[in-house]
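Report on the structure given below.
The values are calculated or read from the model by the stated rules, or taken from the named source; none is laboratory data. A quick note: this is a predicted structure, and the numbers were derived from the prediction, not measured. Glycine gets a Cβ as well: all are built from the backbone with ideal geometry, and neighbour counts include every protein chain shown.
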């Protein structure tokens, strides 16, 4: 799954179709390494997302807005100064590089027509968004790279812009234009490496996936050594290689995602013929942007939230680790008190049968009148029977006090441990910063984080997730403990149904009742599937889910956020699959 040069070519084609000739209407910078540019063209409005995130660099058209900071960052203000209201006159991809150049025509302070170019480099950890003038001199970039960071190329205002070296890879499009089969065959047959590796390491724009596709179309083993190829093999390989480039040059893109079962396996800007007829299902999209929106954009959101929640995740993880150790130690200490009843019985038996003991006896053998068994009780030969009995009663009383104290303390630590596990699960379910604020608020309320300066806690911004069942019933899902409390005890009514994954951290799920309508079995199954999916067991094949009328769910006085009790319930085992549900 690589956002390779061919995928960039497909996106560039879409941008030319929809944005070329349009005017830059808005520029926002929702993240420190991401731009959202709104373009008006042909009575339509488009949003272009450009991300230089090292984990998931992307460029695609989107319909989803993202909140931006109140004060725009300096790079965003710079772009607004120069190209806001400018007209896009060129969108170009050099070769099959993972680079898109967007040239905008604008008026300068003197009223003269000028051109500036925004360059998106989609190159993994080296990704950047660079702004240059007509002379290809860098005005600024979203990431400034100095000599201490890169000895190959500085990206700083005033430096000349140039395309970084791509490890001596050849330009495949030059081979296509010149129909240079000789040069292709000569390169492939030189050296000895696996065939598909020779393609993707030798030519710009090709990912291992596309190299494997070329080998498949040439009816050659992708892992075969290039040194073993004959002229016939090389000719077949050239025709397949040329055919792929021909589809790219003629814009014959067929964006598709390949699924293995329900799991995304691969995606490509071109049809992957090697998967045709296989058990894997292939889903085609009408544009590369739609494909990226359905997969990469969601993954990008997840990646950013994971990055932003890293500090919280580390904090909760450390506290949870300490709590688990404390809980395990307390359980061991409670186990050490398990003999307390035995010591009490020993004391009673010594008082009952110790009157006939000889002085200096080291044990007492007698019948245990509680279970009619024969017992042998160790004695201190230097103590009288009465003192031996007192010694056992003292041990019993000490262990009893320890047990009672530990029982209460252990229960408190168990509640804390369960709450922290729920918070870790909530961090996995968080979808934006508002969700993270809710989690941080809970940590402050529960005393895990100090509220410096007694700052006012933020109000909840996000509500629960809202889904619509196949039969039109509303289903709500809490994403953290505060939302779970709000959902279960404020939004839900007594005749609604409440769902939760059994004995594991997860969301509260409410299936809303509708007057004069009975729930079909499918509605219960879909609500249970949501409870399974939004739980710690979402990666499991099956999850057991408890469900009960909401009026049976109670919150004990003083309980931590998200904690509830219920005593009568139904259960079902279901797969955490929500692919058939639509989110409202």
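Quick notes on this one:
- Whether a residue is over 30 Å from residue 416 (Cα atoms), out of contact with any strand residue (DSSP E or B) (no Cβ under 8 Å at 6 or more places or on another chain), without any contact (Cβ under 8 Å) to a residue 60 or more places away in the chain and in the same structural domain as residue 413 (by TED's automatic domain parsing) was assessed, and residue 380 passes this test.
- One residue from 174, 125, 116 being part of a helix (DSSP H, G or I) and either within 36 Å of the chain's Cα centre (by Cα) or buried (at least 18 other Cβ atoms within 10 Å of the Cβ) (or both): 125
- For the range 220-230, the candidate set comprises residues that are in a helix (DSSP H, G or I) and in contact (Cβ under 8 Å) with a residue 12 or more places away in the chain; within that set, the residue that is surrounded by the fewest Cβ atoms within 10 Å (Cβ to Cβ) is 227.
- Index of the failed condition, residue 89 passing every other in (1) within 35 Å of the chain's Cα centre (by Cα); (2) farther than 16 Å from residue 140 by Cβ: (1)
- The residues listed here are 266, 341; of these, the one that is over 23 Å from residue 428 (Cβ atoms), buried (at least 18 other Cβ atoms within 10 Å of the Cβ) and in contact with a helix residue (DSSP H, G or I) (Cβ under 8 Å, 6 or more places away or on another chain) is 266.
- Scanning the range 525-533 turns up no residue that is in contact (Cβ under 8 Å) with a residue 12 or more places away in the chain and either at positive phi or outside any helix (DSSP H, G or I) (or both).
- Out of 414, 406, sole residue that is under 28 Å from residue 535 (Cα atoms), under 52 Å from the mean Cα position of the chain (by Cα) and in a helix (DSSP H, G or I): 414
- The single condition from (1) in a loop (DSSP other than H, G, I, E, B); (2) under 25 Å from residue 251 (Cβ atoms) that residue 162 fails is (2).
- Residue 258, sole failed condition from (1) over 26 Å from the mean Cα position of the chain (by Cα); (2) without any contact (Cβ under 8 Å) to a residue 60 or more places away in the chain; (3) crowded, with 18+ Cβ neighbours inside 10 Å; (4) closer than 29 Å to residue 62 by Cα: (1)
- Of the numbered criteria (1) in contact with a strand residue (DSSP E or B) (Cβ under 8 Å, 6 or more places away or on another chain); (2) surrounded by 15 or more Cβ atoms within 10 Å (Cβ to Cβ); (3) in contact (Cβ under 8 Å) with a residue 60 or more places away in the chain, the one residue 466 fails is (2).
- Of the residues making up the range 234-243, none is free of Cβ contacts under 8 Å to residues at least 24 places away in the same chain, within 16 Å of residue 176 (Cβ to Cβ) and part of a loop (DSSP other than H, G, I, E, B).
- Residue under evaluation residue 34, criteria (1) at pLDDT 95 or above; (2) touching a strand residue (DSSP E or B) at 6+ places or on another chain (Cβ under 8 Å), criterion not met: (1)
- Whichever residue in the range 284-298 is part of a loop (DSSP other than H, G, I, E, B) and at pLDDT 90 or above and, among such residues, is surrounded by the fewest Cβ atoms within 10 Å (Cβ to Cβ): 286
- You will find that of 281, 317, the residue that is surrounded by fewer than 17 Cβ atoms within 10 Å (Cβ to Cβ) and within 30 Å of residue 220 (Cα to Cα) is 281 and no other.
- Filtered residues of the range 475-504 (kept if closer than 17 Å to residue 572 by Cα and outside any strand (DSSP E or B)): 502, 503, 504
- Check on residue 102, within 30 Å of the chain's Cα centre (by Cα), buried (at least 21 other Cβ atoms within 10 Å of the Cβ), in contact (Cβ under 8 Å) with a residue 60 or more places away in the chain and outside any loop (DSSP other than H, G, I, E, B): no
- For the range 316-336, the criterion of being in contact (Cβ under 8 Å) with a residue 12 or more places away in the chain, touching a strand residue (DSSP E or B) at 6+ places or on another chain (Cβ under 7 Å) and part of a helix (DSSP H, G or I) is met by none of the residues.
- The single condition among (1) surrounded by 12 or more Cβ atoms within 10 Å (Cβ to Cβ); (2) in contact with a helix residue (DSSP H, G or I) (Cβ under 9 Å, 6 or more places away or on another chain) that residue 401 does not satisfy is (2).
- If you check 18, 81, 40 for being without any contact (Cβ under 8 Å) to a residue 40 or more places away in the chain and in contact with a strand residue (DSSP E or B) (Cβ under 6 Å, 6 or more places away or on another chain), only one passes: 40.
- Within the range 127-148, the residues that satisfy the criterion of being in contact with a strand residue (DSSP E or B) (Cβ under 9 Å, 6 or more places away or on another chain) and free of Cβ contacts under 8 Å to residues at least 40 places away in the same chain are 130, 132, 133, 134, 135, 136, 137, 138, 144, 145, 146.
- Single match in 313, 344, 306 (criterion: under 30 Å from residue 583 (Cβ atoms), part of a helix (DSSP H, G or I) and in contact (Cβ under 8 Å) with a residue 12 or more places away in the chain): 313
- Qualifying positions in the range 4-31 - in contact with a helix residue (DSSP H, G or I) (Cβ under 7 Å, 6 or more places away or on another chain) and either over 22 Å from residue 82 (Cβ atoms) or not in a strand (DSSP E or B) (or both): 4, 6, 7, 9, 10, 11, 14
- Meets criteria (more than 26 Å from the chain's Cα centre (by Cα), part of a loop (DSSP other than H, G, I, E, B) and crowded, with 17+ Cβ neighbours inside 10 Å) for residue 513: yes
- Among the residues making up the range 181-219, those that are over 34 Å from the mean Cα position of the chain (by Cα), in a loop (DSSP other than H, G, I, E, B) and either outside the structural domain of residue 248 (by TED's automatic domain parsing) or at negative phi (or both) are 190, 192, 193, 218.
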